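Asker: What follows is a single structure, and I will ask about it in a moment.
The values are calculated or read from the model by the stated rules, or taken from the named source; none is laboratory data. The shown structure was predicted, so the numbers you read here are calculated from the model rather than taken from an experiment. Note: ideal-geometry Cβ built from the backbone for every residue, glycine included; neighbour counts use all protein chains shown.
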Amino acid sequence: MAAPPQHEMTRLLITLSLLAGMLPHLAAELSGIDHSQLLVYRDQAGSEHPVKTTADWAKRRQQIVAGMQQVMGPLPSRTTLQPLEMRVRSQTDGDGFTRLSIDFLTEKNDRLPALLYRPKATHLAKQAGILALHPTSPLGKHRVTKKGGVPNRAYAYELAKRGYVVIAPDYPSFGDYAYDFESDDYISGTMKGIFNHMRCVDLLQSLPEVDPKRIGAIGHSLGGHNAMFVGVFDTRISVIVSSCGWTPFHDYYGGKIDGWTSDRYMPSLKTSYNLDPDRVPFDFYEVVAALAPRSFFSSSPLRDSNFDVRGVKKAIPKAREIYKLLGQVDALQLRTPDCEHDFPVEIRQEAYLFIDKALGWVEN
């Protein structure tokens, strides 16, 4: 099966912006930026310029990535990665798939527990791969299974049943993944999660049945924003679905962002930015825009008490300007179901169809 068409020039610009986003001189440009103004970038002297072309957008995106790394810490180098050394701990038969309990090396002395769903049937065409990220739960990866205890969180199982190869890892300190944030080299748990999730993409791409050009990510709540974060840094991910995952910082509990500051997330929001959204060098307006031109589906319920939909409704039109600039306006989709902090079945089914379209999936 052929991969869907890609906009190679834009992909190249995104890749270059990731590299340039690490340049230290950009850090000085970030203070005072209105993060909702996506069609403006600053040069090294601090002068503002309009974003009119994809090249202009690459410069603005550099600043977004630099701002995220100021808060999260730098993305570790991926030039000398450890061999994955995947180990199978157990396996069970499912509805058209085999589910493996595995662990593998993310980096030296760190093995990541995960569930891996692999189709039983042998197909002529390689399959698309999905990174399924769990919400906050002591169950970790098991929350997104059929027996996870909350039917509306079983998206790993449902996508595997649909025919995708699915990996569902534990987030640091959840599930089977004991993790000591104090002894690692990361500034934030968020960046450790990003690095781990990129390693999950490495593992998917290493499997013989996976088409390495057809990778998606999905998550709810904790998993929702982690799908977005890894999507910014890993352009191998072609489609991202976030349920109840985000709202701009000023709209998160009225700007009270201390909920983002535990070791699992971004402690520097408190230690370096004094919990002041005006000082934080990135925001979710930019995170969404930085996913462009790739496909992004946000389910943001009307009565979500964690992530206020009013902020989402302000941010999506701003991000849509970038999708329009890059010629992919329909690749950005928002749904606002009338529910609380949930991922209802009708929205999940619509999200799956969105993933199908983005990854060129057809039933075998």
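Asker: Looking at the structure I just gave you, is T80 β-branched (V, I, T), more than 30 Å from A160 (Cα to Cα) and at pLDDT 95 or above?
Answerer: Working: β-branched (V, I, T): yes; more than 30 Å from A160 (Cα to Cα): yes; at pLDDT 95 or above: no.
Taking the combined requirement at face value, the residue does not satisfy it.
Asker: Within segment 224-261, which residues are of a type in the set (A, V, I, L, M) and under 17 Å from the mean Cα position of the chain (by Cα)? Please lay out each step first, then the result.
Answerer: Step one: list which residues in segment 224-261 are of a type in the set (A, V, I, L, M), which gives 227-228, 230, 232, 237, 239-241, 257.
Within segment 224-261, A227, M228, V230, V232, I237, V239, I240, V241 qualify.
Asker: For segment 28-62, which positions are at pLDDT 90 or above and assigned to a helix (DSSP H, G or I)?
Answerer: T54, A55, D56, W57, A58, K59, R60, R61, Q62
Asker: Could you list, ordered by first residue, the pairs with Cβ atoms under 6 Å in which the first is in segment 275-290 and of a type in the set (D, E, K, R) and the second is outside any helix (DSSP H, G or I) and crowded, with 23+ Cβ neighbours inside 10 Å, at least 6 apart or interchain?
Answerer: Between residues of segment 275-290 that are of a type in the set (D, E, K, R) and residues that are outside any helix (DSSP H, G or I) and crowded, with 23+ Cβ neighbours inside 10 Å, the close pairs are D283/H35; D283/P248; E286/H35.
Let's see how each residue does on (1) touching a strand residue (DSSP E or B) at 6+ places or on another chain (Cβ under 7 Å); (2) more than 23 Å from H341 (Cβ to Cβ):
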{"residue": "L159", "(1), (2)": "yes, no"}
{"residue": "G163", "(1), (2)": "yes, yes"}
{"residue": "D170", "(1), (2)": "yes, no"}
{"residue": "G175", "(1), (2)": "yes, no"}
{"residue": "Y179", "(1), (2)": "no, yes"}
{"residue": "D184", "(1), (2)": "no, yes"}
{"residue": "T190", "(1), (2)": "no, no"}
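Asker: Can you tell me which of (1) in a loop (DSSP other than H, G, I, E, B); (2) over 29 Å from L159 (Cβ atoms) is the one P317 doesn't meet?
Answerer: (1)
Asker: Do we find that V65 is more than 30 Å from Y117 (Cβ to Cβ), surrounded by 19 or more Cβ atoms within 10 Å (Cβ to Cβ), at pLDDT 95 or above and within 22 Å of the chain's Cα centre (by Cα) in this structure?
Answerer: Yes.
Asker: Moving to a separate point now. Go through segment 37-52 and count every residue that is touching a residue at least 12 places away in the same chain (Cβ under 8 Å) and hydroxyl-bearing (S, T, Y).
Answerer: Final tally of qualifying residues: 1.
The rows are residues; the columns are (1) part of a strand (DSSP E or B); (2) free of Cβ contacts under 8 Å to residues at least 24 places away in the same chain.
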residue	(1), (2)
V71	no, no
T79	no, yes
V88	yes, yes
A114	yes, no
Y117	yes, no
N152	no, no
V166	yes, no
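Asker: Could you grab me the full set of residues in segment 237-262 that are surrounded by fewer than 18 Cβ atoms within 10 Å (Cβ to Cβ) and either in contact with a Ser or Thr (Cβ under 8 Å, 6 or more places away or on another chain) or not in a helix (DSSP H, G or I) (or both)?
Answerer: The answer is K256, T261, S262.
Asker: Taking the condition at positive phi and surrounded by fewer than 19 Cβ atoms within 10 Å (Cβ to Cβ), does Y186 pass? Full working, then the answer.
Answerer: Values: at positive phi: no; surrounded by fewer than 19 Cβ atoms within 10 Å (Cβ to Cβ): yes.
No: the conditions fail for Y186.
Asker: Let me ask something additional. Could you tell me how many of the residues in segment 320-335 are touching a strand residue (DSSP E or B) at 6+ places or on another chain (Cβ under 8 Å) and in a helix (DSSP H, G or I)?
Answerer: The number of residues fulfilling the criteria is 3.
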